[in-house]
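Before we start, here is the structure in question, set down as structure tokens.
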Ligand SMILES: Nc1ncnc2c1ncn2[C@@H]1O[C@H](COP(=O)(O)OP(=O)(O)OP(=O)(O)O)[C@@H](O)[C@H]1O
């Protein structure tokens, strides 16, 4: 079976490095030395206690340590090769790349131990203490099967029932949805003149993603069971515009929508009237009010304000930020700030006091430090770029193949990356039929189940995946940040961040998909050595992560004999030593590489995924650029993590060009063509989904064919924010620059 050529993948071709003549002579000498060492007999290193050395100190040392072992050819066991691959087998063997050679040092993590901010989830207060309609109480008790309130519910519901505007902040999975849904339902069912369906919206709930819209709709629908005259509805794209129009025409009293889809109806349908609107709710408010949704929110607020001046506004999020509170200053009327952290709520008046309370001075700013569920264990592992793919696969195998009932969510930075890894794992790690596909490991467990979710998928499939994963007891969901906010996926045990998030807020929301409402959960953040400082950045926001060694993750390969290197045939798995682990990791890598290199189409698919990774990498915000900069990426090594044996030759030039164009644009909202292509890809999942020219990933997408991206509508006129106040976007853009970065990433 063909294997990788280390001389190519170890080529230190990066974006910034231009080797001098001397350096290139040295590189050649090093290469000759490696080739020579590959022919030496394997060194004996059998009596080590840990699986692998904790860190590789230098190239020289590596050569000494692993001399003779690293370039040996390893191939998966013979029976893993399908008939179509026999031709490859007959080809002369190419030298196998060493995954464990020429990697940068793994730095010691000197993470400061910080005391995380924590909140109490439950209270002993019961819902019947709130004076709600008896039917509503019994619905909460019997349909939702809840009796006592969470802290945020106990604080928010009375305030909202008083008719106040509110900013609500509490940790992920603490019950914020009911904190606003219960008061909305209670107030609407109590209206003196009984609500008619044809009255149109009394409450408008804006959420950032379609799945969250569905989820919130489901909750509202349950609460409305006894109040059949109040009609809830959801607009979220994916459904035919015509049928949504028909539903709107009939009347929706509690309308839940993503901004993009609502804008589409405001523009094209004459059937939405906001004259009776009583409630405007922004769930995941910091996400909705950041620049990613600027144009849509502008249109919505203009439409709402034109017909309705008096309403209750509610903003909720686990990560209220400065940007949101600035907007809140404009759109909220005499708001109450509710933070579970304080274990109290403040009734704030005048308005500037409210803002000060919600966003105190920067020094010791506790609102920069988000609460993290107490039962959430956070880990980080530092992995050289070449080993990232193998390490992720090993971690998935460890948890989801060898442990029972594990449910994992893996976050990537773009739709293309999700598609790539989904297809790759499906074709290589999963054995669904008797005959293994090219490069597939036949003994891969049927226990493994992969699903994927991102914004370039057809809505029908998105919904099906969301439902399937929600109801499943196990499985691996590969996704973009489209699943980071608000989704309540029961019993998720692990969150893996394969690509680091662009802000602490996004980190909080991603890990918040586990350890909800008092349950236990764990998370793993995978960083490259050059990104290790990110741990300090998290610590500065009081986020504590403990280190998990890469070697401990790779050790799982000892449990799976389909990764056995040839030389260790008879050896029992429990006696597997560090050298064998390295070889098994190389076998796994070879499986990936063989799959990717089995056709030109797949190679170009992997290259596109690599390019997408690099593009996403350029969009980290300025304050994180010293950690995540494309210049620190070793293209050859990164290529390896896409199953490529070689760094694509034209990629760096292409990316450099894109990067230059990107850097030229301080204002990301300039309507330039080049910007369009870069940012549209990153936002695509938040589109309404019905823009012209939107090409989606088909349901039965052939592996290796990433989907295309939806386009966004053009800029809207200056918006008008709540209570007749006009917000100057240019000013606000600057204030929100911080937050906007998140919207450029997916
Ligand atoms: N009083 C309660 N008792 C028991 N379970 C509850 C209660 N309130 C809410 N829950 C459950 O807790 C889970 C999390 O609630 P919810 O999704 O509203 O959290 P959230 O605070 O909005 O999270 P996120 O910040 O991630 O959006 C849901 O499964 C919900 O049904």
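With the structure loaded, tell me whether residue 199 is within 13 Å of the ligand (Cβ to nearest atom) and surrounded by fewer than 24 Cβ atoms within 10 Å (Cβ to Cβ) or whether it fails that test. Walk me through it before giving the result.
Working: within 13 Å of the ligand (Cβ to nearest atom): no; surrounded by fewer than 24 Cβ atoms within 10 Å (Cβ to Cβ): yes.
Criteria not met by residue 199.
Of 633, 668, which residue is touching a strand residue (DSSP E or B) at 6+ places or on another chain (Cβ under 8 Å) and at pLDDT below 95? Outline the logic, then answer.
Numbers: 668 fails: touching a strand residue (DSSP E or B) at 6+ places or on another chain (Cβ under 8 Å).
Of 633, 668, the one residue that is touching a strand residue (DSSP E or B) at 6+ places or on another chain (Cβ under 8 Å) and at pLDDT below 95 is 633.
Turning to a different aspect of this structure: Would you mind stating whether residue 255 is within 18 Å of residue 285 (Cα to Cα), modelled with pLDDT of 95 or more, away from the ligand (no atom under 13 Å from the Cβ) and part of a helix (DSSP H, G or I)? Don't jump to the end; show me each part of the working.
Working: within 18 Å of residue 285 (Cα to Cα): yes; modelled with pLDDT of 95 or more: yes; away from the ligand (no atom under 13 Å from the Cβ): yes; part of a helix (DSSP H, G or I): no.
No.
Only one of these is part of a helix (DSSP H, G or I), within 16 Å of the ligand (Cβ to nearest atom) and on the phi < 0 side of the Ramachandran plot: 220, 263. Name it. Walk me through how you get there before you give the answer.
Working: 263 fails: within 16 Å of the ligand (Cβ to nearest atom).
Residue meeting the stated conditions: 220.
In region 135-154, how many are surrounded by fewer than 24 Cβ atoms within 10 Å (Cβ to Cβ) and within 11 Å of residue 175 (Cβ to Cβ)?
Residues that pass the stated criteria total 5.
Would you call residue 465 in contact with a strand residue (DSSP E or B) (Cβ under 6 Å, 6 or more places away or on another chain), farther than 27 Å from residue 385 by Cα and away from the ligand (no atom under 16 Å from the Cβ)? Please lay out each step first, then the result.
On the way: in contact with a strand residue (DSSP E or B) (Cβ under 6 Å, 6 or more places away or on another chain): yes; farther than 27 Å from residue 385 by Cα: yes; away from the ligand (no atom under 16 Å from the Cβ): yes.
When the stated conditions are applied, residue 465 passes them.
Wholly within region 288-364, which strands (runs of 3 or more DSSP E) include no fewer than the required count, namely at least 2 residues that are modelled with pLDDT under 75 and more than 30 Å from the chain's Cα centre (by Cα)? Talk me through it step by step, then tell me what you get.
Working: elements: 312-317, 336-339, 344-347.
Output list reads 344-347.
Can you give me the number of residues within region 504-542 that are assigned to a loop (DSSP other than H, G, I, E, B), buried (at least 22 other Cβ atoms within 10 Å of the Cβ) and within 16 Å of the ligand (Cβ to nearest atom)? Give the steps one after another, and end with the answer.
Here is the first cut: in region 504-542, the ones assigned to a loop (DSSP other than H, G, I, E, B) are 512-515, 519-520, 528, 532-533, 540-542.
This time we only want the ones that are buried (at least 22 other Cβ atoms within 10 Å of the Cβ), so: 512-515, 528.
Among the residues that remain, those that are also within 16 Å of the ligand (Cβ to nearest atom) are: 512-515.
Result for region 504-542: 4.
Out of the strands (runs of 3 or more DSSP E) lying entirely within region 102-190, which hold 3 or more residues that are within 10 Å of the ligand (Cβ to nearest atom)? Full working, then the answer.
On the way: elements: 122-126, 148-150, 166-169.
Counting at least 3 such residues, we get 122-126, 148-150.
The values are calculated or read from the model by the stated rules, or taken from the named source; none is laboratory data. Predicted model, so just to flag it, every value in this text is computed and none were measured. Positions of Cβ are backbone-derived with ideal geometry, glycine not excepted, and every protein chain shown enters the neighbour counts.
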